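What follows is a short report on a single structure.
The values are calculated or read from the model by the stated rules, or taken from the named source; none is laboratory data. This structure is a prediction, so every number in the text was calculated from the model and none was measured. Ideal geometry is used to build each Cβ from the backbone, glycine not excepted, and the neighbour counts take in all protein chains shown. Surface accessibility is based on the protein's heavy atoms, side chains included, excluding ligands, DNA and RNA. Shrake-Rupley method; radii C 1.70, N 1.55, O 1.52, S 1.80 Å.
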Amino acid sequence: MVNIRINNTDLTVKEGTTILDAAKANNINIPTLCYYPDLDIKSDCRVCSVEIVGEKGLVTACSQPVWEGMEVKTNSPRVLNARKTLTELLLANHDDTCTACERNMNCELQTLANTLGIDENRFENVLEEEPLDSHNDAITRNANRCIKCGRCVDVCKNVQGLNILETMNRSHEMKVTPAYGKYLSDEECTFCGQCSSVCPVAAITERDNTDEVWRVLDDDRKHVIVQVAPAVRVSLGEELGSEPGSIVTEKMVAALKQLGFDGVFDTDFTADLTIIEEGYELIERIKEGGTLPMMTSCCPGWISFIEQRYPELIDNLSTCKSPQQMFGALAKSYYAKTENIDPENLHVVSIMPCTAKKYEAAREEMSVDGEHQDVDTVLTTRELGKMIRQMGIDFNELENTPFDNPFGITTGAAAIFGATGGVMEAALRTVSEVLNEEPLEKLDFEDVRGMEGIKEAELELAGNKVKVAVAHTLSNARQLAEKVKGGEKDYAFIEVMTCPGGCIGGGGQPYNTTDAKREERIRATYQVDTGMEYRKSHENPYIKRLYEEYLEEPLGEKSHKLLHTHYFSRN
Amino acid sequence: MLEDLLEKYPQQEDQLIEILLDYQSQKQHRYISEEEIARIAAHLGVSESKVYSVVTFYTFFSTEPRGQHIIQVCKDVPCYINGERTMRSVLEKLLGIRVGETTRDKRFTLEQTSCLGHCDGAPAMRIDDKTFTNLDENKIKAIISEYRGAK
């Protein structure tokens, strides 16, 4: 332990602690900007500068470890002046039209300026305007808002291992862009959106589709339905001011009804359907010597990653569409038919924790009739939060409302799709009961749960020992992909989710997501699971009925047409 | 040529600058093209953005073909204060090109650089491997005409 003094308070802190952490642990607030929990310390922005008594220059609290007898001043006039000047300089090179900005009132730079009491900027604005990169369906980059904090570079490089965004040039000419200043769509970007979720300002955001949804909701000719992904019910509350890990399923349904959707359905339903189709696909591959290990295909970032970087592994991917796309395909076929709605007038919206889902929905092959996209518009959790605020809904006062049918009765197996390892666990619940022909003693496959980067489990299926693996983040996924490419035959089934923690940590989730918050959302996810009447996808009575009435059998002709897809090498 | 050169280097990220320096010094017009950046990135197992980041950070490297002589004007603070702008406009007028351009006869490329380590002799510039300090209009004119004469 080390004795230090911060602003006349004597403290004893652990050796090696930074000034920032020591202060935080003792309720002393030092403002930060480039600092982000779970990411590397960059000390790029210098906003957390503090004074160490007896030292010449100011130091950054985020990077400076304490030493015995250190005396720190976090709010001396010298410190306050430096911080204010630094922030004014940032603002002078920033598109500061705050009221016309996606991050207005939710912007770390704006909050900082307010905290520091910047009422006017002594420096003239010298921003040289650059064009937007809005050339893809998922993510928009606005260099005019970028403050070069380096967080996006860090997640892209160190969490996802892609390093598409980098710092180019130097000094005041430094920019954060892909190589040659190209568009994200020209690069092997998976549109995971982790960059957008750590951006402190509006330099990287999801492509906003809320106006489009308001428009169709107001159009009397349109029948507008919505599906909500498993991970949104454990994060939307947080977006609207509740504690991380709040479960708001039924209030969320009520809010969507108030917004004017004609049907509010659950993507969990098609997650159950995915498990049936993917489960049977796995069984078929095991029995008939198909390509193994089979790899999950729910995550559009992961699909892009394989298509771009490991096209030789395309046959390992399950041919199942993602739950979002299965829902869209059923909506535009089965639902349109049973409800007697012209597909021309049926508009399908999804609420996803994800930015890549916007890209997935726009993929050319995601259309059952070849004319209309199966999913018309995708909104992130953040965008739904925005619509709820725009509508002036008092979220916490809403009456609990259940999902509509036929896509409303779901299982715990589907609910856990949102957490890393969830798809694997849901599949194992079904596959082992089908293959072993007896009920599982224990439903919880704890080996595949939790935040560890790569998880493995072993189990017995029809008398054979089978090994499975689960990875989240593309850095970890790459390790598994390399193993499989190198001829690894041990695994039968691999689940990959692009985002840390799985979809609950998706690129479209509330800002300021940290590992601690991810853990809370994961905890909530398993709480949803244990609270469900059915916890195995094959026990979902509406899924059984769908097969009886319409699909006939798993992997059947209709399934192949509606629920399965193919992939392309984009290397 | 790049392939032969890459074979000499281990496939490690920390070899990047060595490879870039070695290759650019041998290459006609002393620059590294987009295709070459992609090839080097693939060799080292890093992203193109990473290589491009390094190439654009160091003013020593260029992604554009350059002329026979590379004139680099220091733009850092001491030079900036001591007449960097005059130095630059004299050169631009003399050569008939702007910063970042190459003369039509391919003799000269005019660029800016970060600190040359001659702050005591600001403003300073470098032509190829040679540094010139305490520059003014007359001095610059004399230096350029010397280079022009020495064909």
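Among the cysteines of chain B, those whose beta-carbon sits 4.7 Å or more from every other cysteine beta-carbon are B:115, B:119. Nonpolar atom fraction for the protein assembly as shown, defined as the carbon and sulfur part of the 1.4 Å probe accessible area, stands at 45 percent. Between the beta carbons of residue A:208 and residue A:80, assuming R0 = 25 Å, the FRET efficiency works out to 0.10 to the nearest 0.05. Helix A:300-309 sits at what angle to the longest principal axis of chain A, using alpha carbons and giving 0 to 90 degrees rounded to 10? The two axes meet at around 90 degrees. Please work out whether the stretch B:69-149 counts as rounded, prolate or oblate from its C-alpha gyration tensor, where a ≥ b ≥ c are the square roots of the eigenvalues and a/c under 1.5 means rounded, while otherwise a/b larger than b/c means prolate and anything else oblate? Verdict is prolate for the stretch B:69-149.
Angle of helix B:48-57 to the longest C-alpha principal axis of chain B, folded into 0 to 90 degrees and rounded to 10: 20°.
Averaged over the residues of B:34-45, the number of partner chain Cβ atoms lying within 10 Å of the residue Cβ comes to 1. Among the residues of A:163-173, the average count of other protein chain beta-carbon atoms within 10 Å of the residue beta-carbon is 5.
What's the FRET efficiency of residue A:557 with residue A:287 using the Cβ-Cβ distance as r and R₀ = 25 Å, to the nearest 0.05? Efficiency at R0 = 25 Å is approximately 0.80. The angle between the Cα long axis of helix A:267-288 and the longest principal axis of the Cα atoms of chain A comes to about 60 degrees, rounded to the nearest 10.
Could you run the numbers on buried accessible area between B and A, total for both chains, 1.4 angstrom probe, in Å² to the nearest 100?
Counting protein atoms only, the buried area is about 1300 Å².
When the Cα gyration tensor is reduced to axis lengths a ≥ b ≥ c, the ratio a/c is 1.5 or higher for the stretch A:211-563, and with a/b above b/c it is classed as prolate. The residues of the protein assembly as shown expose on average 43 square angstrom of accessible surface per residue, using a 1.4 Å probe on protein heavy atoms.
Annotation note: trypsin sites (Lys or Arg not before Pro) in the stretch A:201-285 located in DSSP loop regions with a Cβ neighbour count of at most 12 within 10 Å are A:221.
Within the assembled protein chains, the solvent-accessible surface assigned to residue A:36 is about 10 Å², based on a 1.4 Å probe.
Applying 1/(1 + (r/R0)^6) with r as the Cβ-Cβ distance of residue A:8 and residue A:527 and R0 = 45 angstrom yields a FRET efficiency of 0.50.
Sequence-distant contacts, meaning Cα pairs under 8 Å at least 6 residues apart, place the relative contact order of the stretch A:2-89 at 36 percent.
Given a cut-off of 21 Å, name the pairs among A:465/A:489; A:358/A:536; A:287/A:442; A:157/A:467 whose C-alpha atoms lie farther apart than that in the structure shown.
The pairs that break the limit, which is 21 Å between Cα atoms, are A:358/A:536; A:287/A:442; A:157/A:467.
Each Cα pair under 8 Å and six or more residues apart adds its sequence gap; the mean of these over the residue count of chain A is a relative contact order of 16 percent. Look at where the Cα atoms of the stretch A:76-109 and of the stretch A:11-70 average out, and the two centres are 20 Å apart. Of all DSSP beta bridges confined to the protein assembly as shown, the antiparallel ones make up roughly 50%.
The Cα center of the stretch A:351-387 and the Cα center of the stretch B:49-95 differ in position by 47 Å.
Antiparallel beta bridges, as assigned by DSSP with both residues in the stretch B:69-149, represent about 55 percent of the total such bridges. Applying a DSSP loop filter and a limit of 14 other Cβ atoms within 10 Å to the GluC sites (Glu not before Pro) in the stretch A:83-149 leaves A:120, A:124, A:128, A:129. Excluding same-chain neighbours fewer than eight residues apart, the lysines reachable from residue B:27 by a Cα-Cα span under 19 Å are B:8, B:106. Once a ≥ b ≥ c are taken as the square roots of the eigenvalues of the Cα gyration tensor of the stretch A:398-478, is the result rounded (a/c under 1.5), prolate (a/b larger than b/c) or oblate (a/b not larger than b/c)? Oblate is the answer for the stretch A:398-478, as a/c is 1.5 or above yet b/c matches or exceeds a/b. Within the stretch A:40-75, name every residue whose backbone N is under 18 Å away from a label modeled 7 Å from Cα of residue B:13 along the Cβ vector. Taking a point 7 Å out along Cα→Cβ of residue B:13, the residues of the stretch A:40-75 whose backbone N falls under 18 Å are A:40-43.
DSSP beta bridges fully contained in chain B are about 55 percent antiparallel. In percent, rounded to a whole number, the relative contact order of chain B is 20, using alpha-carbon pairs under 8 Å and six or more apart.
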